[in-house]
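Undergrad: A single structure is presented below for examination.
The values are calculated or read from the model by the stated rules, or taken from the named source; none is laboratory data. These numbers were taken from a predicted model, which means no experiment stands behind them. Neighbour counts are summed over all protein chains in view; Cβ atoms, including those assigned to glycine, are modelled from backbone coordinates with ideal geometry. Side chains included, ligands, DNA and RNA excluded: accessible areas come from the protein's heavy atoms. Shrake-Rupley method; radii C 1.70, N 1.55, O 1.52, S 1.80 Å.
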Amino acid sequence: GGIITQTPKFLIGQEGQKLTLKCQQNFNHDTMYWYRQDSGKGLRLIYYSITENDLQKGDLSEGYDASREKKSSFSLTVTSAQKNEMAVFLCASSRDSYQDTQYFGPGTRLLVL
Amino acid sequence: GDSVTQTEGLVTVTEGLPVKLNCTYQTTYLTIAFFWYVQYLNEAPQVLLKSSTDNKRTEHQGFHATLHKSSSSFHLQKSSAQLSDSALYYCALRVSSGSWQLIFGSGTQLTVMP
């Protein structure tokens, strides 16, 4: 078994601010993901990484940067927070196979004032 | 491109009655895997079912789904809904394109009423 930890749980920012979200996993999984969850829109992929120092853009990468510092950690940066933005950001990880399950963290809830 | 469609955003059912959540997909890839994820309130999504075999029924926690490539569907069903089944359900597709992306549907919020 393993666990995915996301910090912080809640993040309140100001318009235009740069905000960083962090994710750690102890599954020893190769691949890690960042998703954005909005009501009625499902989970949309922002970035993913198949190994340390690798980065791949998802459909929603504009406005975000990511960093895979080591195998166990994956950070996401909101480069310029948008006023009244409210969303949940979910981190996930999986082994390196198309049949393998993705395991999710508990999420970071973002609110921009 | 590849896509997953969940037609119902909200489904309400009475406890003890059957429930079916619809999921269809569109892809040009032949080798695919399908997942149902469930997300309880204030929790992380977790896998409920997964399948990559055509016409084979997969079961877990009283739920079942069968991948039908002929109709591009992977509907989720349960014969008797429980109050504890109330949650957000996502259908997701992964194709063997060399990347490990999951393509999610928009989700169905299931509410089971007493």
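Undergrad: For the stretch A:4-49, how many residues meet the condition of being in contact (Cβ under 8 Å) with a residue 40 or more places away in the chain, outside any strand (DSSP E or B) and open to solvent by 60 Å² or more (accessible area, probe 1.4 Å)?
TA: Going through the stretch A:4-49 one residue at a time, the tally reaches 7.
Undergrad: Mind listing whichever residues of the stretch B:71-91 are within 17 Å of residue B:58 (Cα to Cα) and outside any loop (DSSP other than H, G, I, E, B)?
TA: Matches in the stretch B:71-91: B:73, B:76, B:77, B:78, B:89, B:90, B:91.
Undergrad: Answer yes if at least one residue in the stretch B:33-52 is part of a loop (DSSP other than H, G, I, E, B) and over 22 Å from residue A:103 (Cβ atoms), and no otherwise.
TA: The answer is no; no qualifying residue exists.
Undergrad: Continuing with this model, one more query. Looking at the stretch B:62-84, is at least one residue in contact (Cβ under 8 Å) with a residue 12 or more places away in the chain, under 23 Å from residue A:60 (Cα atoms) and crowded, with 17+ Cβ neighbours inside 10 Å?
TA: Among the residues of the stretch B:62-84, not one is in contact (Cβ under 8 Å) with a residue 12 or more places away in the chain, under 23 Å from residue A:60 (Cα atoms) and crowded, with 17+ Cβ neighbours inside 10 Å, which makes the answer no.
Undergrad: Out of the residues in the stretch B:46-58 that are under 12 Å from the mean Cα position of the chain (by Cα) and more than 9 Å from chain A (Cβ to nearest Cβ), state the one that is modelled with the lowest pLDDT.
TA: Of all residues in the stretch B:46-58, those under 12 Å from the mean Cα position of the chain (by Cα) come to B:46-51, B:58.
With more than 9 Å from chain A (Cβ to nearest Cβ) added as a condition, the list becomes B:48-49, B:51, B:58.
Working: B:48: 96, B:49: 94, B:51: 90, B:58: 94.
Going through the qualifying residues, I end up with B:51.
Undergrad: Separate question: Just need a number here: residues in the stretch B:16-45 that are open to solvent by 10 Å² or more (accessible area, probe 1.4 Å), facing chain A (nearest Cβ under 10 Å) and either closer than 18 Å to residue B:108 by Cβ or without any contact (Cβ under 8 Å) to a residue 12 or more places away in the chain (or both).
TA: Residues meeting the conditions: 4.
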